[in-house]
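The structure appears right after this line, and notes come after that.
The values are calculated or read from the model by the stated rules, or taken from the named source; none is laboratory data. Keep in mind the model is a prediction, meaning the values are calculated, not measured. We place every Cβ from the backbone using ideal geometry, glycine too, and count neighbours over all the protein chains shown. The protein model used for the area step is the full one, side chains on, heavy atoms only, and it has no ligands, DNA or RNA in it. Shrake-Rupley method; radii C 1.70, N 1.55, O 1.52, S 1.80 Å.
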Amino acid sequence: MDDYIEREPLLKAFKEKCCQDCPGGYSHQQCHSWCDAASEIEMIENAPAVNNTPQQWQNSRLHPPTKADADRTGGIIVWAAASRHLDVVFWQNVVLYPEDLPFWMPAHEPSKSKE
């Protein structure tokens, strides 16, 4: 499982440690000429955000899935009402048969291995 950290506490701790001897503290424009920490701070500030919103079941009639909700193969996780089990189906099936597949959620993409 990947580890995620919050950006603001990291930036605060980094600036407190690395910018304590800088004249006037951290200043984005001026720091590039004073020390190397400005590049690292800029890298942290510009790092992509992670969407860590928890998965939630969606009502197929009220909120049908779209292609954007599917994984790379077009699959989403569904609750199959008649057979009472979870399954992975193409997102279009939920749009066509919401009475048979009343609840769905986006499928997680497999995590990339850290090799």
Quiz item: Quick check: is even one residue across segment 54-68 farther than 30 Å from residue 11 by Cβ, among the aromatic types (Phe, Trp, Tyr), outside any loop (DSSP other than H, G, I, E, B) and modelled with pLDDT of 85 or more?
Solution: no
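Results for (1) among the small types (Gly, Ala, Ser); (2) modelled with pLDDT under 85; (3) surrounded by 11 or more Cβ atoms within 10 Å (Cβ to Cβ), shown as yes or no for each residue.
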position: 3; (1), (2), (3): no, yes, no
position: 15; (1), (2), (3): no, yes, yes
position: 20; (1), (2), (3): no, yes, no
position: 48; (1), (2), (3): no, yes, no
position: 99; (1), (2), (3): no, no, no
Quiz item: Restricting the search to segment 36-95, which residues are under 27 Å from residue 4 (Cβ atoms) and hydroxyl-bearing (Ser, Thr, Tyr)?
Solution: 39, 53, 66, 73
Quiz item: Looking at 78, 88, 94, which one is in contact with a strand residue (DSSP E or B) (Cβ under 8 Å, 6 or more places away or on another chain) and open to solvent by 70 Å² or more (accessible area, probe 1.4 Å)?
Solution: 88
Quiz prompt | Sole exception among (1) part of a loop (DSSP other than H, G, I, E, B); (2) modelled with pLDDT under 95; (3) surrounded by 10 or more Cβ atoms within 10 Å (Cβ to Cβ) for residue 112, by number | solution = (3)
Quiz item: Which residues, counting only those in segment 22-45, are open to solvent by 70 Å² or more (accessible area, probe 1.4 Å) and at pLDDT below 70?
Solution: 23, 24, 29, 30, 32, 33, 34
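Go through segment 50-65 and report how many residues are open to solvent by 70 Å² or more (accessible area, probe 1.4 Å) and under 18 Å from the mean Cα position of the chain (by Cα).
Initially, segment 50-65 is screened for residues open to solvent by 70 Å² or more (accessible area, probe 1.4 Å), giving 50-54, 56-57, 61-63.
Narrowing the set further to residues that are under 18 Å from the mean Cα position of the chain (by Cα) leaves 50-54, 56-57.
Total satisfying the criteria: 7.
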